[in-house]
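Read the structure below first, then the notes.
The values are calculated or read from the model by the stated rules, or taken from the named source; none is laboratory data. What you are looking at is a predicted structure, and each value in this text was computed from that prediction instead of being measured. FYI the Cβ positions are ideal-geometry reconstructions off the backbone, even for glycines, and counts take in every protein chain you see. Ligands, DNA and RNA are excluded from the accessible area calculation, which covers all protein heavy atoms including side chains. Shrake-Rupley method; radii C 1.70, N 1.55, O 1.52, S 1.80 Å.
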Amino acid sequence: MSQQMAKFLKDYQAPDFNITHISLNFNLEAAATRVSARSRVLRSGEHGAPLVLDGDDLTLISVRLNGQPAEFSQAQGQLSIATALNEFELEIVTQLDPAANSSLEGLYMSDGAYCTQCEAEGFRRITYFLDRPDVLARYDVRIEADKQLFPFLLSNGNLMDTGDLAEGRHYACWQDPFPKPAYLFALVAGDFDLLEDEFVTRSQRPVKLQVFVDKGNLHKADHAMASLKKSMAWDESRFGLEYDLDIYMIVAVDFFNMGAMENKGLNIFNTKYVLADKMTATDEDYHGIESVVGHEYFHNWTGNRVTCRDWFQLSLKEGLTVFRDQEFSSDLGSRAVNRIHAIKVIKNQQFAEDSGPMAHPIRPESVIEMNNFYTVTVYNKGAEVIRMLHTLLGEAAFQAGMKCYFERHDGQAVTCDDFVQAMQDASGVDLSQFRLWYSQAGTPVVTVSDSFDATSGRYSLKITQQPSSSVNADAGQPLHIPFALELLDAQGRSLVNRVLDVKESQQSFEFEGLTQAPVPSLLQDFSAPVKLNYDFSIEQLVHLLRFASSEVARWEASVSLVSQAIWHNVAQLQRHGSMLLDPRVAEAFRGAILDADLDPALLAEILSLPSASALIEQAESVELDALALAREFVLDTLAVACEDELLARYREQASLDCAAARALKNACLGWLSRVSPVHEALVLSQFNTADNMTDALGALQAANGAELDCRDELMAAFEAKWHDTPLVMDKWFALQATQNVPEVIDRIKALTQHPGFSFSNPNRVRSLIGSFAAANTYQFHRMDAKGYEFITDCLVELNSLNPQVAARIITPLIQLGKFDSARQASMRACLQRLLALPDLSKDLFEKVSKALA
Ligand code: B3K
Ligand code: ZN
């Protein structure tokens, strides 16, 4: 069954027909929107095949070919038109019900406004079309709707005409001069507040910038606008890329399946990545807005001007654009902190995906539901692959490669291979082995052993790489791995700092002229997305935490110290029933907390608690109860040992007004609230006097995480204040969902009836339901299976409402390989229940069937 439903990369064929131009006419009515689509169709090559168009959930009204009623047949959603003509005009009229569209794909309604989401295959829910990214057409769009309810009528490109019509209706006509694939089409109709600005490109072209937000939210649009202007300037200065239309629009909607969408000239955003003021958004939210606004803007070149030949090539645009947005954030803010965030995503989420049933290469080879492949592998590991190219080539040759890529492929739909070829041709670096990163699934393991010969002063490193055992085409072949290395002497001085070219299964490197064994900083800054296997001693990690010249390496050493201590205690507990923390770990932590030279934002990262799910990811198999005990023990012991230092840093940062200080202060508060109820006063006073959301939420998180007595009272106060602000309530729902108490499931069930909650809004579902599954590890994995069962009930509901969101939420339920057999059996029983659903969506089917296989 899965094989029949799947599409394969190896089966790719260029389209039989091309559509060069389409005129769309929308007559918007909530339950009966009429869409007429007039397309210029050309046969490609010599063949007699019929024209086969994709369609999904459409009511077909009429089909005309060159003005005459056409003969057609329909099967499995496709519309087939047999004709001998090589060139013709096709007019298709369809009818849609946007008000009933809860999947939020195609044309749907968000809080009374019409909007669209066409990537990956949503355009076929609007009209029958060659809905594939290698068909690039010019779009003319006419929109007609009630003028009072929908004063703004928007689509891609330039506004050509507007006018009033009878019965209070009006229309607008848009024309996009750039040919584009259907997935970049967008339409919005609604009533909004509008923030306008202008950006003058470096060739002196003025671009009108518009951010549309729900009425009453104008004051929350400034940061998104500022981020857009910074993105435009940065892409010019770092990549030499200029914007190409006269207008750039962003519309924020509350009902949205993901973060945002890069439709040509008309981005549609989740409100979460637009709206911010300091009372309602945290520093992290501000950062997220800047990076997502940047990401969508950068797609204009990497995605829109040069797009993907087919969806298997998704990482061509996504991996590259994530790399670009990471560089943007790093150039504007702290490079080390941004790098740490990226590393955490790979280690905690991508490695888990790689070791679970959905493992796939960054260029997948088979797909049932494309929406299931907008993954941390395609996006974030894809960005790591681009980063490795950047490391191997250096900035100048990398930029030469980008230039070559745009010169060759502007206006085309191309493959990952085309990209690598441009990089290779422009740089002269042989990338033939490097290409394996695109086809190998799973995480390679790199094992390092070292030795020092005191008489010769020679230090030797043996590096062995083992590709992941996942089955795929090139499994087993060694990869080209840039392996960054620093060697430190006993005083902490840097002796060697370079990138080793690891290309063989086993390779040795020698370093001469040393007087004593150095401490190695391996795979520094996570120079490749692999698992590193090296037996670091506590002394070595303490040394790296103090002296590594990379801030990222210092952070990594701290993470290893704490996780090693936790795993050590898991073993102690199982063997001797007792636990102990090595005093050197606490000493090193105390040293870091007191280190006045450390960037406070970096120290905040060092102090961020290792989550249970991150720890689970590090192990082959896990005994959850022992892990929970050991983790609590190590964190509590550290908190007690560092109490005075934490308190001193808390007090010192409290007087400063910047994001780094707030991050450090709130990290300290989290630790302090574990120590003793004495610090509850600190939590209360921070909550009550906070003049920004970061501090209010920091206090609330501390109270929630440590189950302080004041917890319920603060939660109630927060709700009373913010019940009318959905994005803030999302934070409250997420805290409710991650409370580590047995009653939490009953509480969440009750909260699904909360006036602020709705199963049809993805942001609400992700906050209340998604956070429980992904972040309340102990309660989700309860032995009595209540966590699994609750999530399965939710998935049954979401399967019919919004399959895309359902397929996101299910992730922790399919990653069952590391748990004990009793838990696995409970998880499987839940998956079986889903598999038996009569109307199971393709999205869930793909994941459930793989997990059960
Ligand atoms: N390209 C979109 C994601 C579309 C997801 C479709 N399920 C946003 C982005 O990556 O920029
Ligand atoms: Zn993207």
Entries in 317/665; 403/462; 10/847; 347/462; 721/847 that, when Cα-Cα distance is taken, lie over 31 Å: 317/665; 403/462; 721/847
Under 17 Å from the Cα of residue 842 - lysines, other chains or at least 8 residues apart: 7, 850
Zone of residue 95's modelled label, taken as backbone nitrogen in segment 117-155 under 19 Å from a point 7 Å along Cα→Cβ: 125-128, 144-146
Reciprocal mean inverse distance between Cα atoms of segment 618-686 - Kirkwood radius, Å: 13.3
Sulfur and carbon atoms: percent of accessible area, the chain [1.4 Å]: 50
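Given +1 on the Cβ of Lys and Arg, -1 on the Cβ of Asp and Glu, and no further charges, what dipole in debye does the chain carry about its Cα centre, rounded to the nearest 20?
Values: 74 positive and 113 negative charges, 184 e Å.
Dipole about the Cα centre, nearest 20: 880 debye.
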FRET efficiency, residue 651 to residue 721 (Cβ-Cβ, R0 22 Å, nearest 0.05): 0.25
Along each principal axis, Cα extent of the chain, largest first, Å: 88, 63, 59
Segment 310-360 and segment 707-777: distance between their alpha carbon centers, rounded to Å: 28
Rounded to the nearest 10 Å², the accessible area of residue 16 at probe 1.4 Å: 70
Accessible area of the chain divided out per residue, in Å², using a probe of 1.4 angstrom: 38
Equivalent ellipsoid, segment 509-571 (semi-axes from 5 times Cα gyration tensor eigenvalues, Å): 21, 14, 12
For segment 53-128, projected area of the alpha-carbon convex hull averaged over all directions, nm²: 5.8
Probe 1.4 Å - accessible area at residue 272, Å² to nearest ten: 80
Nearest-20 debye value, segment 1-121 charge dipole, Cβ charges on Lys, Arg, Asp, Glu: 240
Rounded tilt (10° steps) of 551-576 against the dominant C-alpha axis of the chain: 70
Candidate aspartates and glutamates - alpha carbon under 17 Å from residue 818, same-chain residues fewer than 8 apart omitted: 353, 354, 617, 620, 623, 625
Calculated FRET value between residue 516 and residue 546, using beta carbons and R₀ = 22 Å, to 0.05: 0.85
Separation of the residue 410 and residue 747 label points, Cα + 7 Å toward Cβ, nm: 5.7
Rounded to whole Å, sorted largest first: equivalent-ellipsoid semi-axes of segment 676-811, Cα gyration tensor: 27, 17, 11
Inter-part distance where segment 548-610 and segment 422-462 are each reduced to a Cα centre, Å: 28
Pairs beyond 32 Å (Cα-Cα), from 278/344; 220/531; 272/749; 230/531; 229/749: 220/531; 230/531; 229/749
Dimensions in Å of segment 130-252 - Rg and Dmax from alpha carbons: 16.0, 51
Spherically averaged projected area in nm², based on the convex hull that wraps the Cα atoms of segment 437-542: 6.8
Acute angle (nearest 10 degrees) that the helix 680-689 long axis makes with the longest principal axis of the chain, alpha-carbon atoms: 40
Accessible-area value, residue 301, 1.4 Å probe, nucleic acids and ligands omitted, Å²: 30
For peptides 309-322, 90-103, 824-837, 247-260, sequence by mean Cβ density within 10 Å, most packed first: 309-322, 247-260, 90-103, 824-837
Accessible heavy-atom area order of 170, 723, highest first, probe of 1.4 Å: 723, 170
For segment 76-104 and segment 611-634, distance of Cα centres in Å: 52
Label point distance in nm, residue 681-residue 758, each placed 7 Å from Cα along Cα→Cβ: 4.6
Gain on full stretching of the segment that runs from residue 584 to residue 784 - 0.36 nm per residue minus C-alpha separation: 68.1 nm
Accessible heavy-atom area order of 449, 23, highest first, probe of 1.4 Å: 449, 23
Positive-end extreme of charge dipole, segment 442-576 - chosen from 570, 465, 507 (charges on Cβ): 570
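Suppose only helical runs count, i.e. DSSP H with n ≥ 4. What mean residue ellipticity at 222 nm does that imply for the chain under -39500 (n - 2.57) per run, divided by all residues and rounded to the nearest 500 deg cm²/dmol?
Per the formula, -12500 deg cm²/dmol.
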With Cα atoms, 0 to 90° folded angle of helix 583-594 axis to the chain main axis: 60
Most positive-pole-ward Cα, 33, 706, 616, against dipole of the chain from beta carbon charges: 616
Label-reachable residues, segment 351-366, where backbone N falls under 11 Å from a point 7 Å from residue 8's Cα toward its Cβ: 366
Stokes-Einstein D for segment 1-121, Kirkwood Rh over Cα pairs, 4 °C, 1.567 mPa s (µm²/s): 80
Against the rule of thumb 2.2 N^0.38 Å, how large the Cα Rg of segment 478-627 comes out: 1.13
